[in-house]
Amino acid sequence: MNPGPKFADHDWWRSAVVYQVYPRSFADSNNDGVGDVAGITGKLDYLKGLGVDAIWVSPWYPSPLWDGGYDVSDYRDIHPDFGTLDDADELFEQAHARGLRVLIDLVPNHCSIDHPWFQAALAAGPGSPERELFVFREGRGDGGELPPTNWGASFGGGAWERVIEADGTPGQWFLHMFAPEQPDWNWENPRVLEEFDGILRFWFDRDADGFRVDVADSLIIDQDFPDTPIDPRTGKGTWEKYPGAPCWDRPELAEIQRRWRRVADEYTNSAQGPRIFVSEAYLPFERMVEYVRADRLHTSFNFEFLQSEWYAESFRNVIDKSLAAHRGVGAPATWVLGNHDVIRPVSRYGKSLSGRSFRSGVVTDEVHWLDDMAGLPVDVALGRRRARAAALLMMALPGGCYVYQGEELGLEEVEDLPEESLQDPVWVRSNHMIRGRDGCRVPIPWSGNSAPFGFGTDADPWLPQPNHWGELTAERQDDDPDSMLNLYRAALAERHRNTALGDGEMSWEESEDGILSFTREPGFRCVVNTGDTDHDLGEATVILTSSPLGGSVLPPNTTVWVLPPNTTVWMVS
Ligand code: GLC
């Protein structure tokens with residue numbers, strides 16, 4: 001198969017549409033109820049047909065799966081439930097043959113308690129070089145019975161775990177910014193730096209096109225280990241990322257990122273072209289864009305866009321701030337509506353609280369939006385209509401974007417999973433107060449009328465699928481010209497065809513409240529109606545619309561792509 005000339009394009013990542021695969025839930029080729037690497041390979045034609053440019057595969061490494069694989073016990077292998085290194089090689093090869101790039105997940109902040117180096121550190125005892133690879137400290141209090149700092153962990157509880165030493169007595173504490181099964185690496189130690197250089201090279205040598213960097217703003221810890229202000233919600237030291245916070249966005253990160261970039265750049269002149277990074281960093285734009293300066297990482301997810309409420313002014317402010325910040329460093333913006341950590345857009349946009357307000361002059365509390373929004377009733381039809389409109393908005397913006405598996409099928413968050421099926425550590429760590437992120441990780445419905453809907457053959461999937469997902473399968477949507485799947489296909493095909501889309505500039509047009517209207521050159525205009533009244537488009541030649549128009553009327557919760565007035569349409573015969 002000839003991947004075509006686009007594959008040689010060195011700037012592909014500046015406009016790329018990347019499809020996120022959560023391997024456990026994508027496609028189960030061996031019918032054991034768990035997705036696998038061969039399952040991904042089997043769906044490459046589907047992905048090519050969808051029109052994406054690349055895939056990003058969430059962690060596929062050996063792992064006890066305390067945190068869905070973000071607890072890695074071997075960075076150079078594949079989880080036996082997901083397959084083998086040969087399967088990974090086959091995926092790279094088959095994807096490349098179709099002109100699709102493959103990004104994988106780098107988890108540098110922490111590993112798994114099962115990682116042999118952590119096991120060696122436990123065995124070796126205090127003061128050993130093995131313990132120096134992690135963040136072990138003596139406790140406070142007379143007998144060291146209090147944690148070294150007051151820091152809370154991401155999934156609830158404290159950020160330190162005390163170990164039992166070889167003599168059977170309670171001993172040192174180790175840091176885990178996430179679950180206790182995820183010990184943090186000590187990035188002050190040169191062996192850790194070298195180890196990760198080796199991990200990058202291992203996968204680049206196998207032809208990975210790049211890495212999504214998990215919690216890219218952590219890694220470095222203030223070596224004074226100060227306490228942080230108490231978060232009244234948890235009673236622990238806050239996990240918030242305030243300026244100067246001891247565990248977030250420390251200046252030393254710049255040098256680590258430059259080091260990774262140098263490793264990636266060693267491969268720039270390979271036949272495959274540049275290898276890239278996308279950083280996961282939930283930071284304000286002015287900080288986040290520091291990570292995508294020319295000598296650091298390439299791109300970073302645009303989480304404020306994902307977090308924005310369904311409201312024109314909020315979107316507009318986020319888009320403006322993001323583009324201005326990115327322009328300042330010469331990097332493309334990277335838009336995202338969903339991932340494996342957040343409530344799916346169909347459900348978010350169908351709730352009374354659809355996200356954070358970014359309206360000017362409105363100061364909102366930091367919305368703990370994932371927890372605050374979970375459980376609010378959902379109008380799924382409204383949410384799906386808005387999700388269609390949001391997808392066309394996202395794909396029209398300058399830069400690249402990400403599509404999380406199932407978004408193209410319009411899947412909603414499964415908010416009523418039986419409690420006994422919940423696996424996210426958040427559920428246990430919050431004392432069963434927060435159900436967590438399993439609702440967006442339910443296996444994909446591919447075909448048929450009953451579970452497992454073609455995910456596997458007949459094995460029960462690791463999380464149960466709703467019965468009504470028979471209406472949302474890829475197979476069912478394939479033939480329906482109005483389906484979400486065909487909207488995505490049409491939009492992505494237009495993105496490839498239309499030189500106005502992807503990386504570049506955009507200009508706002510004056511518009512009334514609730515409306516977003518912008519143009520891109522040459523000859524493209526996008527209008528979004530987030531309000532609740534009709535909007536007259538005037539004379540327009542429609543390229544694509546997220547919901548039917550009434551003549552020149554753009555109804556609420558709809559996005560349309562049009563040719564601007566007075567555009568000459570050249571007919572090519
Ligand atoms: C990132 C991942 C999330 C994981 C966490 C800890 O936020 O996206 O799924 O739980 O990091 O690795």
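The values are calculated or read from the model by the stated rules, or taken from the named source; none is laboratory data. A quick note: this is a predicted structure, and the numbers were derived from the prediction, not measured. Positions of Cβ are generated from backbone atoms using ideal geometry, with glycine treated the same way; all protein chains shown enter the neighbour counts. SASA here: full protein model, heavy atoms, side chains in, ligands and nucleic acids out. Shrake-Rupley method; radii C 1.70, N 1.55, O 1.52, S 1.80 Å.
Multiplying the sequence separation of A123 and N431 by 0.36 nm and subtracting their Cα-Cα distance, what value in nm do you get?
Details: separation 308, 0.36 × 308 = 110.88 nm, distance 3.07 nm.
Gain on extension, A123 to N431, equals 107.8 nm.
Each Lys or Arg adds one and each Asp or Glu takes one away; over the other residues whose Cβ falls under 13 Å from the Cβ of S547, this sums to +2. Taking every DSSP bridge with both residues inside the chain, close to 50 percent are antiparallel. The mean sequence separation of alpha-carbon pairs under 8 Å and at least six residues apart, normalised by the residue count of segment 484-563, gives a relative contact order of 24 percent. Considering only Cα atoms, the convex hull volume of segment 484-563 works out to 92 Å³ per residue.
When the trypsin sites (Lys or Arg not before Pro) in segment 281-310 are filtered for DSSP coil states and for at most 16 other beta-carbon atoms within 10 Å of their beta-carbon, the remaining sites are R293. Shown here is the pair-distance distribution of segment 277-409: with all Cα-Cα distances grouped in 5 Å bins from zero up to the longest one, the shares run 2, 11, 21, 23, 21, 14, 6, 2, 0, 0 percent.
If only the Cβ of Lys and Arg carry +1 and only the Cβ of Asp and Glu carry -1, the dipole of the chain around its Cα centre is close to 1380 debye.
A 1.4 Å probe over all protein chains sorts K351, K321 by accessible area into K321, K351, starting with the largest.
Which whole number of Å³ per residue matches the convex hull of the alpha-carbon atoms in the chain? The partial results should precede the final answer.
Working: hull volume 89.1 nm³, N = 573.
Normalising the Cα hull of the chain by residue number yields 156 Å³.
The heavy atoms of C401 present about 0 square angstrom of accessible area, all protein chains included, probe 1.4 Å.
On alpha carbon coordinates alone, what is the Rg over Rh value for segment 183-320, Rh being the Kirkwood radius? It would help to have the intermediate numbers written out before the result.
Working: Rg = 17.2 Å, Rh = 16.8 Å.
My calculation of the ratio gives 1.02.
Largest first and in whole Å, the equivalent-ellipsoid semi-axes of segment 67-191 read 35, 15, 12, each the square root of five times a Cα gyration tensor eigenvalue. Radius of gyration over Kirkwood radius for segment 101-260, both on Cα atoms: the Rg/Rh ratio is 0.98.
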